[in-house]
Amino acid sequence: MPKPADTAPTAVPVDLLESESRQALVDSVLQNRNLIVASNRGPVTFSRQNDGSYTSRQGSGGLVTAVSAVLQGHQAIWIAAAMGEGDRQRAEDAEQAGETLISPQGDDSAFRLRFVVATPEAYHQYYNVISNPLLWFLQHYLWDTPRAPDITHKVWAAWREGYVEVNRQFADEILVACEQFDEEPIIMLQDYQLYLVGRLIREKRPNAIIQHFIHIPWPDPDYWRLLPSEMRKGICEGLLGCDIVGFQIPAHARSFMYTCEAYVPDCTIDYTNKCVEWRGRTIQVRSYPISIDADAVRKTAYSQEARAYERYLPTHWNEFTILRVDRAEPSKNIIRGFHAFDRFLESHPEFQNRVNFIAVTQPSRMDVKEYRNYLDDMSATVGRINAKYANVETGWQPVQIIMGESYPRVLAAMKWYDVLLVNSIIDGMNLVAKEGALINERSGVIILSEGAGAAVQLGELALMVSPADVEGTAEAIYQALTMPIQERQRRAQRLRRSVEQDDVSVWFRNQLVDIANCAMKESEPAAEGSTQVA
Ligand code: GDG
């Protein structure tokens, strides 16, 4: 029931509100509305035991870690794809028992869950043909365009029978969750796997409050032209089904508006107010730089498990240690980083034997050929560099790869670096740079790509490199390793402070303030002649 005009609070832009007013606004909205979060990967995965019971394991990865941290205490519902057999069985059991929402830890659960159960074939098409090789590659400018991509009949089939289909299933499951509530819930969609969901929900629930946050960059409209019109327009219109579309940094948000202007003929862009008018609705386009949960990161970094790694990790260190931490992922530009280190050792031979380059690497997306090839190329490059410089008398090997998944080990390693190399070709944010800034204990220097979203916040205090500039990156390594200690300390202290002040709770709260404003506008009676915000 809309509030009368004279008592209705007026929606105010987020940046004009004082901190307490923001919190009050968020609290008042969350009191009345439930949160539904949807992401491809869920917060937990299930395994079935022999006695028929289930155990659940917390998922890893930047998105799940960040979103789980901020959802504590909000009793949110999480919609995610069933990943393995355990998830599928758990979903099936829930269906048979009439359990609409699964509580992973019984009554103590921080959230309740509903799985999207796609057929293995549809999931493969959606994830391994469209989301990762096509959309991820497009959004990180990874193609050698004279050769790739080829949008063949197989890719078209994967789009229609995989991506569109699984997005529809996500929308259906979200709609089932919405049925649980009297009031329209707040729906927070995550990332590039779910671009079509917003519009599909809007068709069924015109008053839903929908926000979509995109964790990865948004390229220029010219690059989007590599996708056929049906796909790129479908993606833009899918997002325009939302009330708010969020990006990591303003440049990505602007690029989205340019893309809508280029490919959605019936929309109007207001660049000053950062919104798109489309079919009688106003869609806000915002940026919310993601960060880490500083307390949780510190807790893990100083946990017993992390300390156990500190016993053997030092065998990898040297007088100087350069570290990088990434998934084995082409966009992270790992191979060029090795080339830059090779060039550094060549041009500054006085550092040979005294410096180690450690790459803590997590194999990723091994179902996709490009990722398997990239991992092979990484190993071959390291082999060549080690063969070129290895000292058989001392046993010195300049580059070492530490492979496998362990978050405590990653954080244990970050305490020790002299230089952290983050030279991504382009990156939505890059949480590794923020984790390093927070917990490194040696006043280490961060070398940061101009293409990483983190550069907006940390760039001034890091050494910036252009990602393809092998020579420039080699020089940055030299500059970092020869930087006077006072200068290292000055930068390190300010980096740490910057990350502490702007942690993941700020990211989440700023989104909720805009959502709250949006919810409020919706319950305001439309002023004459004004645009009705759906
Ligand atoms: C996307 C965007 C954006 C945990 N275990 C391991 C490991 N981790 C952690 C790292 C870091 C996280 O994974 C990776 O975060 P990134 O930000 O580097 O990257 P993406 O996975 O590419 O995530 C990115 C992010 O979403 C959030 O919005 O920042 O731009 O691409 O926290 O500590 N890392 C490694 N081994 C492990 O065992 N290497």
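Every number here is computed from the coordinates shown, using simple stated rules; none is lab data. Here the structure is a predicted model, which is why all the values come from computation and not from measurement. Neighbour counts are summed over all protein chains in view; Cβ atoms, including those assigned to glycine, are modelled from backbone coordinates with ideal geometry.
Computed values, structure above
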item: Over the range 405-496, volume per residue of the alpha carbon convex hull, in Å³; result: 87 Å³
item: Long-range HN-HN contacts of VAL445 with modeled amide H, under 5 Å; result: VAL419, LEU420
item: Packing rank of 46-56, 167-177, where each peptide gets the mean count of other beta carbons within 10 Å, highest leading; result: 167-177, 46-56
item: Gyration tensor (alpha-carbon) shape descriptor, the range 16-156, a/c threshold 1.5; result: oblate
item: Environment charge of ILE425, counting only residues whose C-beta is closer than 9 Å and scoring Lys/Arg +1, Asp/Glu -1; result: +1
item: Spatial extent of the chain: Rg and Dmax, with the Cα atoms as the point set, Å; result: 24.0, 84
item: HN-Hα J in Hz across the range 31-41 - Karplus 6.51, -1.76, 1.60, θ = phi - 60°, x for Gly and Pro; result: 5, 9, 10, 8, 9, 10, 10, 10, 8, 4, 8
item: ALA118 long-range amide H proximity, modeled H, under 5 Å; result: ALA82
item: Linear extension gain, ARG311 paired with LYS299, 0.36 nm per residue minus alpha-carbon span; result: 2.5 nm
item: Only Lys, Arg (+1) and Asp, Glu (-1) charged, at Cβ; the chain dipole about Cα centre in debye; result: 880 debye
item: HN-Hα J in Hz across the range 461-472 - Karplus 6.51, -1.76, 1.60, θ = phi - 60°, x for Gly and Pro; result: 9, 9, 9, 8, 10, 7, x, 8, 7, 5, 5, x
item: For the chain: lysine pairs under 16 Å (alpha-carbon distance), excluding those fewer than 8 apart on one chain; result: 6
item: Built amide H within the under 5 Å cut-off of VAL37, gap 5+; result: ILE77, TRP78, ILE79, MET188
item: Centre separation in Å (Cα based) which lies between the range 85-125 and the range 446-471; result: 41 Å
item: Highest to lowest packing among 436-443, 329-336, 153-160, 384-391, scored as the average C-beta count within 10 Å; result: 329-336, 436-443, 153-160, 384-391
item: Karplus-derived 3J(HN,Hα), 6.51/-1.76/1.60, for each residue of the range 327-338, Hz, glycine and proline x; result: 5, 6, 9, x, 5, 7, 6, 5, 5, 5, x, 5
item: Sum of side-chain charges, ASN353 neighbourhood, beta-carbon under 13 Å (Lys, Arg +1; Asp, Glu -1); result: -2
item: MRE, 222 nm, helices only [DSSP H, n ≥ 4, -39500 (n - 2.57), over the chain, to nearest 500]; result: -12500 deg cm²/dmol
